Amino acid sequence: LRRPRIHKLFGLSNTKGLSTYLAGASSIDIVQEGPLPGLGVITSGPIPPNPSELLSSKRMPALVRTLAQRYDIVIYDSSPLLSVADSLILSKVMDGTIIVARAARTTYEEVRRGVKSLSDIKSNILGVVINALDAGKRGYYYYRHYHYYYTSEDDDGK
């Protein structure tokens, strides 16, 4: 809700979205068809003056329940965990939270503080994703070139 980008990424309108729904100015018809069949997208909508208050409203848990009934998987993209309260507010109504850390930018201490903040409110932390990783850099070389070989238990090697 603070620095919207999803609408640009998918080439969608952002005239209505999560902010207008939470403010009571639109209904659940805020779901737009994404670029892939079966992919629904809710953009942020216009930037509101009070994002944290909107996310704390009673309409947010109602929206989460409605979307969970309509879709197999629902992913919510939020503001950085340590910068504003939005992610902590959302994590209270989500089934789980995935922390995204940027390689060579997010420090171990920042991840640790984020995990502690989520743990303090009993959020279900599903894991950590490292993005923007340059797999060609030293330290990741062997990971890229490591291969597994599996055989069935009844394989006699022929």
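What do you get for the angle between helix 108-120 and the principal long axis of the chain? Use alpha-carbon atoms, 0 to 90 degrees, nearest ten.
60 degrees
Relative to the longest principal Cα axis of the chain, at what angle does helix 59-70 sit, 0 to 90 degrees, rounded to 10?
Taking the Cα atoms of the chain, the angle to 59-70 is about 50 degrees.
Which whole-number percent gives the relative contact order of the chain, counting Cα pairs below 8 Å spaced six or more residues apart?
Details: 170 pairs, mean separation 26.0, N = 158.
That works out to 16 percent.
5 Å is the cut-off here: which amide hydrogens, built 1.01 Å from N in the peptide plane, fall below it relative to GLY40, excluding neighbours closer than 5 in sequence?
GLY34
Which shape class, rounded, prolate or oblate, goes with segment 1-93 when its Cα gyration tensor gives a ≥ b ≥ c as root eigenvalues, a/c under 1.5 marks rounded, and past that a/b bigger than b/c marks prolate? Don't skip to the answer; put the middle values down first.
Details: a/c = 1.40, a/b = 1.24, b/c = 1.13.
Rounded is the answer for segment 1-93, as its axis ratio a/c remains below 1.5.
Given the DSSP H assignment, sum -39500 (n - 2.57) over each helix run of at least 4 residues in the chain and divide by its residue total; what's the result at 222 nm in deg cm²/dmol, nearest 500?
Details: 7 runs with 51 residues, N = 158.
Computed ellipticity for the chain at 222 nm equals -8500 deg cm²/dmol.
Binning at 10 angstrom from zero up to the longest distance, how are the C-alpha pair distances of the chain distributed in percent?
Binned Cα distances yield the sequence 9, 30, 30, 17, 9, 3, 1.
How high is the relative contact order of segment 1-78, in percent, counting Cα pairs under 8 Å that sit 6 or more residues apart? Present the calculation step by step, with values, prior to reporting the outcome.
Details: 91 pairs, mean separation 25.5, N = 78.
Taking the mean separation of contacting Cα pairs over the length of segment 1-78, I get 33 percent.
Provide THR43, THR106 in ascending order of the number of other Cβ atoms located within 10 Å of each residue's Cβ, fewest first.
In increasing order of surrounding Cβ atoms, one gets THR106, THR43.
Here, each number is a calculation from the coordinates, and none is a lab measurement. Since the model is a prediction, treat every value here as computed from it, not as a measurement. Quick reminder, even Gly has a Cβ in these numbers, built from the backbone with ideal geometry, and neighbours come from all protein chains shown.
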